[in-house]
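Working notes, beginning with the structure itself.
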Amino acid sequence: PTPSPPPLFPTVSPSGCDDLIGAIFELARTLCRLQLSDEELALFTAAVLLSPDRPWLTESKKVQKLQDKIYVALQHEIQKKHSTEDKLSKMVSKVPLMKTICNLHLDKLEFFRLLHPETAMNFPPLYKEVFNSELQYSDPGES
(Lines give C-alpha, C1' and ligand atoms only; values in the text may rest on other atoms or scores of the structure.)
Protein backbone atom coordinates (compact mmCIF):
# COMPACT_ATOMS: atom_id res chain seq x y z
CA PRO A 1 0.00 0.00 0.00
CA THR A 2 1.00 3.61 -0.57
CA PRO A 3 2.33 5.30 2.57
CA SER A 4 0.19 8.14 3.86
CA PRO A 5 1.58 11.68 3.75
CA PRO A 6 3.19 12.99 6.94
CA PRO A 7 0.81 14.82 9.28
CA LEU A 8 0.71 18.61 9.13
CA PHE A 9 1.73 18.93 12.78
CA PRO A 10 3.76 15.79 13.43
CA THR A 11 4.31 16.18 17.19
CA VAL A 12 0.73 17.11 18.04
CA SER A 13 -1.05 13.82 17.74
CA PRO A 14 -4.81 13.67 17.97
CA SER A 15 -4.38 11.77 21.24
CA GLY A 16 -2.48 14.78 22.64
CA CYS A 17 -5.61 16.88 22.22
CA ASP A 18 -8.26 14.33 23.17
CA ASP A 19 -9.17 16.23 26.33
CA LEU A 20 -9.58 19.51 24.45
CA ILE A 21 -11.52 17.98 21.57
CA GLY A 22 -13.76 16.02 23.94
CA ALA A 23 -14.55 19.12 26.00
CA ILE A 24 -15.38 21.14 22.88
CA PHE A 25 -17.75 18.47 21.57
CA GLU A 26 -19.40 18.04 24.96
CA LEU A 27 -19.99 21.80 25.18
CA ALA A 28 -21.40 21.83 21.66
CA ARG A 29 -23.67 18.90 22.45
CA THR A 30 -25.09 20.54 25.59
CA LEU A 31 -25.58 23.90 23.86
CA CYS A 32 -27.35 22.21 20.94
CA ARG A 33 -29.77 20.57 23.38
CA LEU A 34 -30.87 24.05 24.47
CA GLN A 35 -32.09 24.75 20.92
CA LEU A 36 -31.04 28.40 21.02
CA SER A 37 -32.48 30.77 18.48
CA ASP A 38 -30.07 32.86 16.40
CA GLU A 39 -30.85 35.86 18.61
CA GLU A 40 -30.25 33.92 21.83
CA LEU A 41 -26.98 32.53 20.52
CA ALA A 42 -25.81 35.98 19.39
CA LEU A 43 -26.62 37.57 22.75
CA PHE A 44 -25.04 34.71 24.70
CA THR A 45 -21.91 34.94 22.56
CA ALA A 46 -21.70 38.68 23.20
CA ALA A 47 -22.14 38.16 26.96
CA VAL A 48 -19.38 35.55 27.04
CA LEU A 49 -17.01 37.69 24.98
CA LEU A 50 -17.63 40.72 27.19
CA SER A 51 -16.14 39.07 30.23
CA PRO A 52 -15.11 41.59 32.91
CA ASP A 53 -12.71 39.20 34.63
CA ARG A 54 -9.96 39.38 32.01
CA PRO A 55 -6.75 40.43 33.83
CA TRP A 56 -5.60 42.94 31.20
CA LEU A 57 -8.82 44.99 31.24
CA THR A 58 -8.45 48.54 32.50
CA GLU A 59 -12.16 49.35 32.90
CA SER A 60 -13.75 46.11 34.01
CA LYS A 61 -16.70 47.90 35.68
CA LYS A 62 -17.77 49.31 32.29
CA VAL A 63 -17.46 45.88 30.73
CA GLN A 64 -19.50 44.41 33.60
CA LYS A 65 -22.28 46.96 32.97
CA LEU A 66 -22.34 46.09 29.26
CA GLN A 67 -22.39 42.38 30.04
CA ASP A 68 -25.27 42.89 32.50
CA LYS A 69 -27.28 44.74 29.83
CA ILE A 70 -26.67 41.91 27.36
CA TYR A 71 -27.82 39.34 29.92
CA VAL A 72 -31.00 41.39 30.49
CA ALA A 73 -31.59 41.46 26.71
CA LEU A 74 -30.96 37.72 26.56
CA GLN A 75 -33.44 37.06 29.37
CA HIS A 76 -35.99 39.23 27.55
CA GLU A 77 -35.40 37.30 24.31
CA ILE A 78 -35.87 33.98 26.12
CA GLN A 79 -39.09 35.21 27.76
CA LYS A 80 -40.46 36.33 24.37
CA LYS A 81 -40.40 32.69 23.34
CA HIS A 82 -42.43 31.75 26.44
CA SER A 83 -39.75 29.29 27.45
CA THR A 84 -40.86 27.33 30.49
CA GLU A 85 -37.43 26.05 31.38
CA ASP A 86 -34.72 28.16 33.00
CA LYS A 87 -32.76 28.40 29.80
CA LEU A 88 -30.62 31.35 30.90
CA SER A 89 -29.29 29.59 33.99
CA LYS A 90 -28.49 26.52 31.88
CA MET A 91 -26.60 28.73 29.43
CA VAL A 92 -24.70 30.58 32.16
CA SER A 93 -23.81 27.28 33.81
CA LYS A 94 -21.69 26.49 30.71
CA VAL A 95 -19.44 29.56 31.14
CA PRO A 96 -17.01 27.85 33.57
CA LEU A 97 -16.62 24.99 31.08
CA MET A 98 -15.94 27.53 28.34
CA LYS A 99 -13.21 29.11 30.47
CA THR A 100 -11.71 25.68 31.13
CA ILE A 101 -11.70 24.93 27.40
CA CYS A 102 -10.08 28.29 26.71
CA ASN A 103 -7.33 27.63 29.26
CA LEU A 104 -6.77 24.13 27.94
CA HIS A 105 -6.53 25.53 24.40
CA LEU A 106 -3.98 28.10 25.56
CA ASP A 107 -1.95 25.33 27.23
CA LYS A 108 -1.93 23.35 23.98
CA LEU A 109 -0.94 26.46 22.02
CA GLU A 110 1.90 27.25 24.41
CA PHE A 111 3.17 23.67 24.20
CA PHE A 112 3.01 23.82 20.41
CA ARG A 113 4.72 27.23 20.36
CA LEU A 114 7.58 25.90 22.49
CA LEU A 115 8.04 22.84 20.28
CA HIS A 116 7.64 24.67 16.96
CA PRO A 117 8.39 28.39 17.39
CA GLU A 118 9.00 28.83 13.66
CA THR A 119 5.51 27.51 12.86
CA ALA A 120 3.90 29.56 15.63
CA MET A 121 5.48 32.70 14.17
CA ASN A 122 3.60 31.95 10.93
CA PHE A 123 0.16 31.51 12.46
CA PRO A 124 -2.48 33.57 10.61
CA PRO A 125 -2.61 37.23 11.72
CA LEU A 126 -6.13 36.97 13.14
CA TYR A 127 -5.17 33.93 15.21
CA LYS A 128 -2.13 35.75 16.56
CA GLU A 129 -4.22 38.82 17.37
CA VAL A 130 -6.86 36.81 19.24
CA PHE A 131 -4.34 34.89 21.34
CA ASN A 132 -1.52 37.43 21.55
CA SER A 133 -2.65 38.68 24.97
CA GLU A 134 -2.12 35.18 26.35
CA LEU A 135 0.75 33.93 24.20
CA GLN A 136 3.81 35.80 23.14
CA TYR A 137 4.99 34.97 19.64
CA SER A 138 8.51 36.22 20.19
CA ASP A 139 11.40 35.38 17.96
CA PRO A 140 13.28 32.51 19.65
CA GLY A 141 16.56 34.09 18.50
CA GLU A 142 15.87 37.25 20.54
CA SER A 143 16.44 35.67 23.95
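The values are calculated or read from the model by the stated rules, or taken from the named source; none is laboratory data. What you see is a predicted model, and the numbers here were worked out from it, not measured in a lab. Note that each Cβ is placed from the backbone with ideal geometry, even for glycine, and that neighbours are counted across all protein chains shown. We work out accessible area using only protein heavy atoms, side chains counted, and drop any ligands, DNA or RNA first. Shrake-Rupley method; radii C 1.70, N 1.55, O 1.52, S 1.80 Å.
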State all residues of the range 78-131 that are surrounded by 14 or more Cβ atoms within 10 Å (Cβ to Cβ), more than 22 Å from the chain's Cα centre (by Cα) and under 26 Å from Leu36 (Cβ atoms); if no residue qualifies, say none. Ile78, Ser83
Of all residues in the range 37-63, which are open to solvent by 40 Å² or more (accessible area, probe 1.4 Å) and touching a Phe, Trp or Tyr at 6+ places or on another chain (Cβ under 9 Å)? Leu43
From the option list Pro55, Pro6, Pro14, single residue qualifying as modelled with pLDDT under 90 and farther than 24 Å from Leu106 by Cα is Pro6
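Step by step: first the residues of the range 27-36, then only those that are in contact (Cβ under 8 Å) with a residue 40 or more places away in the chain and in a helix (DSSP H, G or I), then the one that is surrounded by the most Cβ atoms within 10 Å (Cβ to Cβ). Which residue is that?
In the first step, residues of the range 27-36 are kept if they are in contact (Cβ under 8 Å) with a residue 40 or more places away in the chain; the result is 27, 30-31, 34, 36.
Add one more test, that the residue is in a helix (DSSP H, G or I), and what stays is 27, 30-31.
Values: Leu27: 15, Thr30: 14, Leu31: 17.
Across the range 27-36, the extreme among qualifying residues is Leu31.
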Please work out if Lys69 is over 23 Å from Val130 (Cα atoms), in contact (Cβ under 8 Å) with a residue 24 or more places away in the chain and open to solvent by 70 Å² or more (accessible area, probe 1.4 Å). no
